[in-house]
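The values are calculated or read from the model by the stated rules, or taken from the named source; none is laboratory data. Here the structure is a predicted model, which is why all the values come from computation and not from measurement. Neighbour counts run over all protein chains shown; Cβ positions are idealised from the backbone, glycine included. Accessible surface is based on the protein model in full, side chains and every heavy atom, while ligands, DNA and RNA are left aside. Shrake-Rupley method; radii C 1.70, N 1.55, O 1.52, S 1.80 Å.
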Amino acid sequence: MGIHQKTKSLSSRHSALADTFFQLKVLNSKELTDMRFPLFSEKIKEAGFSDGRIKPTRIEIFQVNIGKLCNQTCSHCHVDAGPDKKEENMGREALEKCLEILAQYDIHTVDITGGAPEMNPNFRWFVEECRKLGKHVMDRCNLTIVVANKKYHDLPEFFAEHQVEVVSSLPHYSALRTDSQRGDGVFEDSMKAMQMLNAVGYGKEGTGLKLNLVYNPTGTFLPGNQASLEAEFKRQLKRKHDIDFNSLYAITNMPISRFLDYMIENGQYETYMQTLLEAFNPAAVAGVMCRNTISVSWDGYLYDCDFNQMLDLKVAGERTHINDFDLAALESRDIVLNQHCYGCTAGAGSSCGGQVA
Amino acid sequence: MSKKHYFDPEDLKKFGNIGEWQKPLADKFFSYYAEVFKEGALSEREKALIALAVAHTVQCPYCIDAYTSGCLEKGADEEQMMEAIHVAAAIRAGSSLVYGTQMMNHAKNLTM
Ligand code: SF4
Ligand code: SF4
């Protein structure tokens, strides 16, 4: 069966948006639009962040984006990942440096993301080493990778053996909705992969093996109530495919990278930003994920979150690389905010960890 | 102020303004409305689908736009949305056809 690519990466299309500086200009109304939106840093003053700044609480999650290589090319991807991204992938040396940091500090969770992180040849070794350090490991798995090639078919067993928490994107329980965002055939392969994960105990009660889903809207609308969506996903996936999972996290599409490109192409950018702004929820500001996460790129730079990473907004301060990692300095830094942050504060808020305001 | 058309999608955004000319009633309506659409015995998604079907029955373009977005937000898909509209259409067709019995009764009275 296999999947069909939905689109091409911005870089391979030579799109102006492949330049992160250009994306920031659009977000700040200096390119392509005249519509002005209040500065995010001004807006959060309403939420009691009176100096317009957000500080970390404590770094608990070490998120490593180990590469942009992916077997899919979803139309909304904030990483601009795809099968053509053969260069931007983390090598052994940088991963070893990450392990050194993890050994040194009391950061309990390692969140491995990509691309399809499993395509990095160092992936399994890295997971094993993190587990040896006693860390909780999360893998952001796109599901289809499990059935993409024979060499990945045993991933469910590998995950189970190392008690990896699997966090997977599934934008809908309908094939049409899912494939319209992720590519034809993605839904069918995702169902197969979930069944394989279920077969080794993932998503099943009493096994302790967590399979969590990430829902994001397949268009320029906001996600609905997380609990209600979770209940409906559970009912439909069980009914039609006999699939079980643990929790569903509803997240908002961020107005960056390929989703930004999609909106501009379809004349939806301004309306969407307006929607995010109107849904601004002061109560969601305190729970944004950058407060307890540090994000590392394939080349070892440090960011407040995966979104800032994709906009090349490095952490504030002098020490911006894993080679001069300084936890104390990081925990007292100001988080770098920009207009895309409205995506994290709309409605109940958007956190890949599932906390909603 | 003259417009060339009756319905302007932009007017939906002004819905809240109906309170300008009668605030207490508008306030009551909006708080009732918000309460109705909350998750209850029916889920928010089911309520949005009912609203979409009713919107097609009353043929309100504002409601159709609003509940198309609403249904998608609440996690409905195209198939569910189209089925909801068929329910509305079936009731409409049926409610005309069922009067066929009245026509038949009357015709039978009138004819030999
Ligand atoms: S959204 Fe995930 S699966 Fe899709 S292209 Fe991006 S990294 Fe790959
Ligand atoms: S986009 Fe990143 S920096 Fe901005 S609020 Fe969200 S998590 Fe924090």
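Under 25 °C and 0.890 mPa s, how fast does segment A:249-357 diffuse according to Stokes-Einstein, given a Kirkwood radius computed over C-alpha pairs? Answer in µm²/s, whole number.
166 µm²/s
At a 1.4 Å probe radius, carbon and sulfur cover how many percent of the accessible area of chain A?
48 percent
Under 21 Å between alpha carbons: how many lysine pairs meet that in chain B, if sequence neighbours fewer than 8 apart on the same chain are excluded?
15
Points 7 angstrom from Cα along the Cβ direction at residue B:58 and residue A:278: gap in nanometres?
1.9 nm
So what is the calculated 222 nm ellipticity per residue for chain A, using -39500 (n - 2.57) for each DSSP H run with n of 4 or more, over all residues, to the nearest 500 deg cm²/dmol?
On the way: 14 runs with 117 residues, N = 357.
Mean residue ellipticity at 222 nm (helix-derived): -9000 deg cm²/dmol.
On a straight-distance basis, which aspartates and glutamates could pair with residue A:204 in a cross-link, Cα separation under 19 angstrom, same-chain partners fewer than 8 positions away excluded?
Within reach: A:139, A:154, A:157, A:161, A:165, A:230, A:232, A:242, A:244.
So if we plug the beta-carbon distance of residue B:27 and residue A:270 into 1/(1 + (r/R0)^6) with R0 = 41 Å, what FRET efficiency do we get, rounded to 0.05?
The computed FRET efficiency comes out at 0.85.
Given H placed 1.01 Å from N in the peptide plane, which residues other than close sequence neighbours of residue A:116 have an amide H under 5 Å from its amide H?
The answer is A:69, A:70, A:71.
Need one value for B:70-81: mean number of C-beta atoms belonging to other chains within 10 Å of its residues' C-beta atoms.
Across B:70-81, the average partner-chain Cβ count within 10 Å equals 6.
What is the distance, in nm, between label points placed 7 Å from the Cα along the Cα-to-Cβ direction at residue B:108 and at residue A:39?
Simple spin-label model gives 8.1 nm for this pair.
At 0.36 nm per residue, and after removing the present C-alpha to C-alpha distance, how many nm does the segment from residue A:204 to residue A:128 gain when stretched out fully?
25.0 nm
What total accessible surface area, summed over both chains, is buried at the interface between chains B and A, computed with a 1.4 Å probe and given in Å² to the nearest 100?
On the way: alone 9050 and 14640 Å², together 22610 Å².
Buried area (both sides, nearest 100 Å²): 1100 Å².
Taking θ as phi - 60°, what are the ³J(HN,Hα) couplings along segment B:82-98 by the Karplus curve (6.51, -1.76, 1.60), each to the nearest whole Hz, with x for Gly and Pro?
Karplus values, whole Hz, x for Gly and Pro: 5, 4, 4, 5, 5, 4, 4, 5, 5, 5, 4, 5, x, 6, 7, 5, 5.
Normalised by the number of residues in chain A, what is the relative contact order in percent for Cα pairs under 8 Å and 6+ residues apart?
Numbers: 712 pairs, mean separation 80.4, N = 357.
Relative contact order comes out at 23 percent.
I'd like the projected area of segment A:1-131, averaged over all directions, using the convex hull of its alpha carbons. Report it in nm² with one decimal.
11.6 nm²
Bins of 5 Å, beginning at zero and ending with the bin holding the largest distance: percent of Cα pairs per bin for chain B, please.
Histogram of Cα-Cα distances, whole percents per bin: 2, 10, 13, 16, 16, 13, 10, 7, 5, 4, 3, 1, 0.
Taking the Cα centroid of segment A:134-188 and of segment A:207-272, what is the distance between the two, rounded to the nearest whole Å?
First find each Cα centre; the distance between them is then 15 Å.
Multiplying the sequence separation of residue A:87 and residue A:50 by 0.36 nm and subtracting their Cα-Cα distance, what value in nm do you get?
Extra length from residue A:87 to residue A:50 when fully extended: 9.1 nm.
Return the loop-located GluC sites (Glu not before Pro) in segment A:69-111 (DSSP other than H, G, I, E, B) with at most 14 other Cβ atoms within 10 Å of their own Cβ; answer none if there are none.
Answer by residue number: A:87.
Take every DSSP beta bridge with both residues inside segment A:16-344 and express the antiparallel ones as a percent of the total, to the nearest 5.
Restricted to segment A:16-344, the bridges split so that about 15 percent are antiparallel.
Using Cα positions and a limit of under 18 Å, work out the aspartates and glutamates in reach of residue A:150, with same-chain residues fewer than 8 apart set aside.
A:118, A:188, A:189
Among all the lysines, which ones have a C-alpha under 23 Å from residue A:55's C-alpha, if same-chain residues fewer than 8 places away are not counted?
A:43, A:45, A:314
What is the mean number of Cβ atoms from other protein chains located within 10 Å of the Cβ atom of each residue in peptide A:219-230, rounded to a whole number? Mind showing how you got there, number by number?
Working: counts 3, 2, 7, 3, 4, 12, 8, 0, 3, 7, 6, 1.
The shielding value for this peptide is 5.
Kindly identify segment A:238-296 as rounded, prolate or oblate by the Cα gyration tensor criterion: order the square roots of the eigenvalues as a ≥ b ≥ c, call it rounded if a/c is under 1.5, otherwise compare a/b with b/c, prolate if a/b is larger, else oblate.
Note, shape of segment A:238-296 comes out oblate.
Answer rounded, prolate or oblate for the protein assembly as shown, using the Cα gyration tensor with square roots of eigenvalues a ≥ b ≥ c: rounded when a/c is under 1.5, else prolate when a/b is larger than b/c, else oblate.
In terms of gyration-tensor shape, prolate.
Just how large is the dipole of segment B:17-110 about the Cα centre, in debye to the nearest 20, putting +1 at every Lys and Arg Cβ and -1 at every Asp and Glu Cβ?
Numbers: 8 positive and 12 negative charges, 111 e Å.
With only Lys, Arg, Asp and Glu charged at Cβ, the dipole is about 540 debye.
Over the protein assembly as shown, with the other protein chains present, what is the accessible area per residue in square angstrom, probe 1.4 angstrom? Can you show the working numbers first?
Details: 22610 Å² over 469 residues.
Computed with neighbouring chains in place, this is 48 Å² per residue.
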